[in-house]
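Asker: Quick one: structure below, then a few questions.
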Amino acid sequence: MIIKCENCGNKYRLDLKKIKDMKGGVKCSACGHQLVIHKPDRAPTTSKDGQTPSKEDDSSLNGKSSPPGQKGSETDHPEQTGQPPRAINLSDLERYLEPIDAWDPNREATEPSASVDLSQLNQYIDDSGGELKDDADRSSGRSARLFSGEQPADSVDTPTISPGSGKYNLTLRVSISCAAENSIIHYTLDGSDPTGRSPRYSGPVEVSSSTTIKARAFKPGWVTSEIAAETYEIVKKVVPPSFSILSGTYTSTQNLTISCDTPQADIRFTNDGSEPTLNSSLYQFPIGITKSVTITARTYKSGWQRSKIVKAIYEITGTVATPTFFVEPGAYPSPQMVNILCATPGAEIHYTTDENEPTKTMAAYKEPIEISKSTYLFARAFKKGWESSELVTGYYEITDKVETPAFSIKRGTYTTPQKVKISCPTSEARIHYTIDGTVPNTDSLLYSGPLKIKETTMLTARAFRDTWAPSDIAVTSYKITGTLSTPAFSVKPGKYIAAQQVVISCATPEAEIYYTIDGTYPAENSIPYTVHLKKSAVIKARALLTDWEPSEVAEAKYHITGRVASPKFSLKPGMYTTEQTVRLDCPTTKAQIFFTTDRSEPTEAPCRPGLIKPAGLPVTSYPPFLRSQAPWRRRHFPCSPEPTRPLKA
């Protein structure tokens, strides 16, 4: 009889005559699938679909109506009739076969499975010594052992489960292996002991929650292994936060987004490099990075283990300053040494002289560059983490040089405006000039004719010609002064009775004033200007100042006289009983005395003083009141300077 394993498809020959009892056990040597075979006369009376099998059905198993194993003709089995054996799929023998320990996910794990002691199976094996030939290997002689009549000497090695037991915060992929070749591993995840009906291991098992894995190895003809078990406690841990921008150096403001793959997790962060805690800032919106900063973040979720810390360091820089040439581009009559500087500390300058834009791989500036022929010089500055500078260019033309301009009037001080001409021996040269002391360039005033210098001026000129180097700078200065103002006197000329303090001044700043009082012409060796007059004098004054024309001579006449002494009476005032004669005298020589007897103020009268006498007033009725005045040469009178005779009162 040919049987076919419905699990792996291998075919085997089985002699039913040698099955003495009503049922026997068979195990596939390829996959370990076990079956129990019932003899046809003890088979169930009903088929799987509830119908009673007919004799025709029985004959499909053995070719006759008599069950195999009973005595009969030699044609009971196809092998004995000379016909080729008929291969029968085990699914056709379902009513006669019962699998042992085959795992069926639809059957309860506690359902008993039929089994046969391996020591009792030798009675079902043919005379091949415990080896039944596989149809596919019949010609090659290769055999497949189903059962051995002897007890197996070895047990299958206990499986190894990796990783081992422990606490884990991530989903695990658990691998199970067995050292025994061709062994079959069955496992459980619910803590129960694995059997042949348990899931068969075919690859890593994913464990995402706390679980106990048990495994057992099976191998045909070997004793089943011991149970291996590992317990995993999965502690959930929040996924670390993720930054949208990597650490690094940036040249502009950045917007940082922080995210976490764990739903409903809170992100806490700091911007000072410190470790985040539950009290740190809660991330809600993108963070603007405007300056260099260290961002540290960690995620939290209630009941979960916090994540590890994630840190990012950002450096915000900018754009490198544009390099500067310290010899201005232009035309020069001789080679030039050009220095290049950059205001950004740590920047590296690269340059070219072939009109190509410089890059970091081109020549680096380390010392002044010699320009010995007409050249275009390009330069750019670079710094790690910064935007490179703007490109700076310059053209240096080495050529002839324009001759220096000349001025028609020498520098000096002049009292009148001057007309200055500027010339240059180089033909076709253009002269540019300034009058404020700055260096002329091609944008400065263009000389087109004589310049009228009306005031003190510094004149600077330079000549230019296309494709030639500019001339040297010519500089001159002119001081324009003028004529000093005529001095002025603080006291008007005239006649004064007392000494006068006369101050002489000049409107021209810094002018020095010299004078004389004897009518002579004032010069630099005369007396300085402050004058104190005690007597009559004629003052002449003149102002002088270096580089200026002297002033006109100022003249003033002063007549200093004096005050006449008061007259004196020869008789003291008082009351007298007789007529008195009063004499009036004045200590000032040549003084004339005028008097009145009516209490009026004496004035100069056109008569001779001393000849007027009171009009015979009685002494008893009118005491004469004498008042006198002695003017100082106020007027000339032809009378005598003194009274000719005494006055009677």
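Asker: Among the residues of segment 434-461, how many are outside any loop (DSSP other than H, G, I, E, B) and among the acidic types (Asp, Glu)? Break it down into steps so the answer makes sense when it comes.
Answerer: Residues of segment 434-461 outside any loop (DSSP other than H, G, I, E, B): 434, 436, 445-446, 451-453, 457-461.
Add one more test, that the residue is among the acidic types (Asp, Glu), and what stays is 436.
So the answer is 1.
Asker: Counting only residues that are closer than 19 Å to Trp222 by Cβ and either under 60 Å from the mean Cα position of the chain (by Cα) or β-branched (Val, Ile, Thr) (or both), how many does segment 170-209 have? Even if it seems obvious, please write down each step before you answer.
Answerer: Quick first cut of segment 170-209, residues closer than 19 Å to Trp222 by Cβ only: 176-187, 193-198, 200-201.
In the following step, the residues that additionally are either under 60 Å from the mean Cα position of the chain (by Cα) or β-branched (Val, Ile, Thr) (or both) were identified as 176-177, 184-185, 195, 201.
Counting residues in segment 170-209 that are closer than 19 Å to Trp222 by Cβ and either under 60 Å from the mean Cα position of the chain (by Cα) or β-branched (Val, Ile, Thr) (or both) gives 6.
Asker: Moving on to the next point. So, of the residues in segment 588-600 that are in a loop (DSSP other than H, G, I, E, B) and touching a strand residue (DSSP E or B) at 6+ places or on another chain (Cβ under 7 Å), which turns out to be surrounded by the fewest Cβ atoms within 10 Å (Cβ to Cβ)?
Answerer: Applying the filter and picking the extreme gives Arg599.
Asker: Follow-up question, since we're still on this one. Condition (residue is modelled with pLDDT of 85 or more, open to solvent by 50 Å² or more (accessible area, probe 1.4 Å), under 26 Å from Thr416 (Cα atoms) and assigned to a loop (DSSP other than H, G, I, E, B)) applied to segment 547-558: is it met by at least one residue?
Answerer: Yes, segment 547-558 contains a residue that is modelled with pLDDT of 85 or more, open to solvent by 50 Å² or more (accessible area, probe 1.4 Å), under 26 Å from Thr416 (Cα atoms) and assigned to a loop (DSSP other than H, G, I, E, B).
Asker: Here's something else I'd like to know. Within segment 318-344, track down each residue that is open to solvent by 50 Å² or more (accessible area, probe 1.4 Å) and in contact with a Gly (Cβ under 7 Å, 6 or more places away or on another chain).
Answerer: Correct list: Pro329 only.
Asker: Looking at segment 323-344 only, could you name the residues that are closer than 15 Å to Ser471 by Cα and without any contact (Cβ under 8 Å) to a residue 60 or more places away in the chain?
Answerer: Passing the criteria: none in range.
Asker: Tell me the residue from Thr299, Thr317 that is more than 19 Å from the chain's Cα centre (by Cα) and among the hydroxyl-bearing types (Ser, Thr, Tyr), please.
Answerer: Checking each option against the conditions leaves just Thr299.
Asker: Next question. Which is outside any strand (DSSP E or B) and at pLDDT 85 or above, of Val538, Val491?
Answerer: The conditions single out Val491.
The values are calculated or read from the model by the stated rules, or taken from the named source; none is laboratory data. Just so it is clear, the structure is predicted and the values come from calculations on it, not from any experiment. For neighbour counting, all protein chains shown are included, and Cβ atoms are generated from backbone atoms with ideal geometry for every residue, glycine included. What goes into the accessible areas is simple: the full protein's heavy atoms, side chains included, and nothing from ligands, DNA or RNA. Shrake-Rupley method; radii C 1.70, N 1.55, O 1.52, S 1.80 Å.
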